[in-house]
1. Residue by residue through segment 651-675, note down the ones that are farther than 22 Å from residue 576 by Cα, open to solvent by less than 70 Å² (accessible area, probe 1.4 Å) and not hydrophobic (A, V, I, L, M, F, W, C).
2. If I go through segment 680-718 residue by residue, how many of them are under 40 Å from the mean Cα position of the chain (by Cα) and in a helix (DSSP H, G or I)?
3. Being of a type outside the set (A, V, I, L, M) and either within 18 Å of residue 618 (Cβ to Cβ) or at pLDDT 95 or above (or both) is the filter here; which residues of segment 690-716 pass it?
4. Does residue 117 satisfy the condition of being in contact with a Leu (Cβ under 8 Å, 6 or more places away or on another chain) and surrounded by fewer than 18 Cβ atoms within 10 Å (Cβ to Cβ)?
5. So, restricting to helices (runs of 4 or more DSSP H) that lie completely within segment 167-261, which ones have at least 2 residues that are of a type in the set (Ser, Thr, Tyr)?
6. Working carefully through the options 429, 416, find the one that is open to solvent by 40 Å² or more (accessible area, probe 1.4 Å), in a helix (DSSP H, G or I) and not basic (Lys, Arg).
7. What is the one condition in (1) under 17 Å from residue 251 (Cβ atoms); (2) open to solvent by 20 Å² or more (accessible area, probe 1.4 Å); (3) under 29 Å from the mean Cα position of the chain (by Cα); (4) among the polar types (S, T, N, Q) that residue 202 does not satisfy?
8. With within 21 Å of residue 243 (Cα to Cα), touching a helix residue (DSSP H, G or I) at 6+ places or on another chain (Cβ under 7 Å) and in contact (Cβ under 8 Å) with a residue 24 or more places away in the chain as the only criterion, which of 178, 206, 201 stands out?
Amino acid sequence: MLSVKLCLPRRYTEQLAKLVLRKTRGNPMFVIEFLRTIIQRNMMTFSIKARRWVWDDTSIDLQLISDSVAEFLTKKLKQLDTDVIVALKVAACIGVQVNTSIIQLLDLGQFVPNLLQAFESAVKEGVMEEAGNLYVFTHDMLKESSYNLMSIDERNCLHKMIATSLAQDPAVVKYSKRCILVVDQINVCKDVHGILDPIERTLFARLNLAAGKHSIASSSFEHARRYFEAGISLLHANHWIKQYSLSLKLYEMSAVVCFMDGNVEAVLSRLQTILSHTKTFDDAWNSRILQAKLLASQERYAEGVMGVLEILSQLGEEFPKVVELSVVVNEIKATQYLLNGITKEKILALPAMKDKTKLNAMVLMDLLIVFCNFWSPKLMYLVICRMIKLTFHSGYCEESISALVHMTHGLVMHTDDIQSASRVNRIADSLIQGHPNEHHLRSRLTWIGTSAKVFVQPFQAVAECYMKGYNSAIIVGDIDSAMLNVYIYCIASFFFLPDLIGLQQSLIKYMHQMDKHRRINVLRSLMSCFNATIALIGNGDLCSLDDTKIEMKSNEDLYEIADQTQNTYLMHNLIMAEIYVHCYFRDHISSIKLVERCRVTSSSKRLMDFYCVFFEGISALSLARDTRQEKWKIIGERTINTISKMAEYSNWNFENKLRLLQAEYHYVNGRNAMAELSYQASIISAREHRFINEEALACELYGMFLVENKDIQKGVPQLQNALERYTQWGALKKATDVKEFIELVEKSRKYFW
């Protein structure tokens, strides 16, 4: 028939005819319907070039049978051989498709004498298809109809039979798909009274634990939570006595995935249960660590830090609660001396740390570093130095890599030795590369490990590192590190990258994630950045989060929260964002006041402090011109010296900033020719190095310099350049500010020039 209708020899249509026969059972109405479907879906088309119908056998083979054929076959189900019906029921319990390896494991004679043969018969009847090593229902309706052939009791019994049969394989725990299939089968019927005996309940509780771990490994955290909860429900009434080890593992893993999901109440409940039943210090270890992480995620840093310090004290590692900056600097310099001449090979040649107490201390100190970054940076550096000393005295472990990465931050902040910091950073990177836990390490360390890179690599490249860290964290299920990395990425984007409006949309997206996972600490810090984008864009009325559950905070609210929680990190980010905005809007008095506040409230140096220096210089030199006070000029000179040193390490990142400060300084001193050359150099450098926001600022300041020196003809085009760059950046409110100034200059020209 197909040969005639398509006007082609039979040798061309033979394979197609076999496919159509299998899909339609030869019914003429179904054949017409099937052909119409594959033509509509472009699986069969008329080729003008070949002057005949052409088709893709593979695509047609994958096409499901029509609803009409499925309905026809459904009516035939009860007429099939008994063994075939049993095979279909087994398949329906498992899903739309069944792997041959699973059928072979089940083919022990307890369902039908030859289960695989029964599946082959189902294929011949058109109810199933064989696709490689899979047997697949030819239509969803057939799967549902096969399942509905059973009563509820029969379904429960069959689900249990499948689960118990597969669970007999000793290797079931190792294979994720097989293990998950087993627990998916048993979890359907586990709550039926009397269906499982105590031994079976224990077996399937263990398998749910294994399935949950497999799900975490594949980043399926919601599935993992369900498996752990199912495992807990299978435990005996007095499980903390008779199944202590299994209970501890299930409750711990349940708490972990609830923490990942931001379910604070569930985490607290699980931790309370665990800590009230644990027998030893070691048994409570994981729960105490998770408890500290939970406190930190809710901005309760003081409680988190004090709790960790208390445990460290029990392990023999004492730290002062009040730390002087001079002590920090001395410790960093002593540790720097210890690292002189160190290489990757020398570190790997160190003996492995085996003392369990020291290993536990290293794990806790690694955690403490993160908390202290928000609450007490000075204590953080003491902890880092202690970890490195322990590495040299007691042996090398995974946390030693973390200590080296964090040490680069300390060297940058407190010795200004960028060269040494870069060397240590390269050693740490080489230790991470190829490490068995590489993704875990990158997820935790990327956000802090870029400290030295910021001063030697282009800012734009460094910003992308944070997204790599975010991706690694998502892969391993480390929500805390994922949120930290994406937070730092957003902050970097605010200062470095050219799309302010795109950034604002990203901020909304990531704030949703942080709110979902209840990571309040980074959410609040990101709000300060979001508020700054609104100030620069001027879209506060249009950019609303009222339709979400996120409770947005004003900067005044955030300052109050930072004070109450002693969150020095939030305080620093708030001040930096406001300095940034005030400087762009030429509110230099407010900018200088905030710089002074930053010095008073920040107990330690922060990575982005160079921007504070830059904007302090811009504001101080502007005030020096306006007030003629020497103190502002002195501040300007100091900022030029600081940025000049940074430019020695990275011309890309700091040249345009240095040239702009020098231009403003020359202007203050009346060296207008030098000022003009420096403005031009700053604009060119910012453009070449892709800092569109700073190119806009340089054009604006150059234009104002020309206007103030009565060169309107050259000044207005520079201001128009600034307007274009601000608009391109997305700072629309700032662009409006410049536009109004241009209009004022144009009007004034008629009267004064």
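The values are calculated or read from the model by the stated rules, or taken from the named source; none is laboratory data. Note that the structure is a prediction, hence the values are computed from the model and not measured. FYI the Cβ positions are ideal-geometry reconstructions off the backbone, even for glycines, and counts take in every protein chain you see. The area values use the complete protein model at the heavy-atom level, side chains included, leaving out ligands, DNA and RNA. Shrake-Rupley method; radii C 1.70, N 1.55, O 1.52, S 1.80 Å.
1. Across segment 651-675, the qualifying residues are 662, 665, 666, 667, 669, 670, 672.
2. Qualifying residue count for the region: 18.
3. 691, 693, 694, 695, 699, 700, 702, 703, 705, 708
4. Judged against the criteria, residue 117 is not a match.
5. Working: elements: 176-189, 198-217, 221-233, 239-242, 244-260.
Because the criterion is at least 2 residues that are of a type in the set (Ser, Thr, Tyr), the helices (runs of 4 or more DSSP H) in segment 167-261 that meet it are 198-217, 221-233, 244-260.
6. Selected residue: 429, the only one of 429, 416 that is open to solvent by 40 Å² or more (accessible area, probe 1.4 Å), in a helix (DSSP H, G or I) and not basic (Lys, Arg).
7. (3)
8. 206
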